[in-house]
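**Student:** The structure under discussion is supplied below as structure tokens; questions concerning it will follow.
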Amino acid sequence: MGSCRKCCQTPAYNIEVTMVEFIPLAFHLFEAGEADEWLTRLSNIGDDEPCVLLERDCTRLPAGGCRYYQLRPMICRLFGFSAAIMRNGLLSPVLCRLAKRSLLFGDNDQPISHTETTLPVLADYARKIFSLDPYLSGRQYPINIALKKALEYVGFKLYLCKISEALQDSTSFSSEHQCP
């Protein structure tokens, strides 16, 4: 199957993630001075466009794929390499039809017992993400919207930190809480 990227090329509303999954990328983009560029790009993209992080220009990323592969959200990390728990307690691989066909699962893939596999379970990772911040991870959004919300959230937090630091400097009080 290799690096398929079919998911990345579908409309972004097909891939839902929480905004907390994009907080590390949002901080990275602010530190790199690229956040405004990405916010503008995300504001001008249509709902039926693919993931904004997909690089199609082979001169920029010879193999194609995700521009920020190391900071991609959990579904992008686990899809095709994980399982979902079915009602009967057995695991079912999380794959698209194309992957199922190429891996010879067919359309009626057989459930797997917990003891027969070491596949990561999506629900386990969803709980871990939720435990990071129940408010920010309580809702899933289409991938482009989640990235935009994460950038806006981090930008707002950084702005509040600058205001707080400016107030502290002007009043010369020290605070126990330091902004990042």
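The values are calculated or read from the model by the stated rules, or taken from the named source; none is laboratory data. None of the values given here were measured: they were computed from a predicted structure. When we count neighbours, we look across all protein chains shown, and the Cβ atoms used for this are built from the backbone with ideal geometry, even at glycine.
**Student:** Can you find a residue in the stretch 84-93 that is crowded, with 16+ Cβ neighbours inside 10 Å, aliphatic (A, V, I, L, M) and either under 19 Å from the mean Cα position of the chain (by Cα) or in a helix (DSSP H, G or I) (or both)?
**Tutor:** no
**Student:** Name every residue in the stretch 15-34 that is assigned to a helix (DSSP H, G or I), surrounded by fewer than 20 Cβ atoms within 10 Å (Cβ to Cβ) and either among the basic types (Lys, Arg) or touching a residue at least 24 places away in the same chain (Cβ under 8 Å) (or both), in order of residue number. Before you say what the answer is, go through the steps one by one.
**Tutor:** Initially, the stretch 15-34 is screened for residues assigned to a helix (DSSP H, G or I), giving 19-31.
Next, only the ones that are surrounded by fewer than 20 Cβ atoms within 10 Å (Cβ to Cβ) stay: 24, 27-28, 30-31.
Pro24, Phe27, His28, Phe30, listed by residue number.
**Student:** Taking into account only those residues within the stretch 58-67 that are surrounded by fewer than 17 Cβ atoms within 10 Å (Cβ to Cβ) and either at pLDDT 85 or above or among the charged types (D, E, K, R) (or both), which is nearest to Leu147 (Cα to Cα)?
**Tutor:** Of everything passing the filter in the stretch 58-67, Arg67 is nearest to Leu147 (Cα to Cα).
**Student:** Exactly one of these conditions fails for Cys179: (1) surrounded by 13 or more Cβ atoms within 10 Å (Cβ to Cβ); (2) outside any helix (DSSP H, G or I); (3) modelled with pLDDT of 85 or more. Give me its number.
**Tutor:** It is condition (3) that Cys179 fails.
**Student:** Among the residues of the stretch 35-53, write down those that are free of Cβ contacts under 8 Å to residues at least 60 places away in the same chain and surrounded by fewer than 18 Cβ atoms within 10 Å (Cβ to Cβ). Step through it out loud before you land on a result.
**Tutor:** We begin by selecting, within the stretch 35-53, every residue free of Cβ contacts under 8 Å to residues at least 60 places away in the same chain; these are 36-37, 40-41, 44, 46, 48, 50.
Passing the criteria: Asp36, Glu37, Thr40, Arg41, Asn44, Gly46, Asp48.
**Student:** Would you check if Leu78 is at pLDDT below 85 and within 20 Å of Ser137 (Cα to Cα)? Give the derivation first.
**Tutor:** Values: at pLDDT below 85: yes; within 20 Å of Ser137 (Cα to Cα): yes.
In short, yes.
**Student:** Collect the residues in the stretch 132-168 that are closer than 18 Å to Cys76 by Cα and of a type in the set (Phe, Trp, Tyr), keeping them in residue-number order.
**Tutor:** The answer is Tyr141, and nothing else.
**Student:** Since Leu103 meets every condition but one in (1) at pLDDT 75 or above; (2) surrounded by 11 or more Cβ atoms within 10 Å (Cβ to Cβ); (3) of a type outside the set (Phe, Trp, Tyr), which condition does it not meet?
**Tutor:** (1)
**Student:** A further question on this structure: What are the pairs with Cβ atoms under 6 angstrom where one residue, in the stretch 126-152, is surrounded by fewer than 16 Cβ atoms within 10 Å (Cβ to Cβ) and the other, located anywhere, is part of a helix (DSSP H, G or I) and not charged (D, E, K, R)? Sequence gap at least six, or different chains.
**Tutor:** As it stands, the answer is Leu132/Val20; Asp133/Val20, since those pairs meet every condition given.
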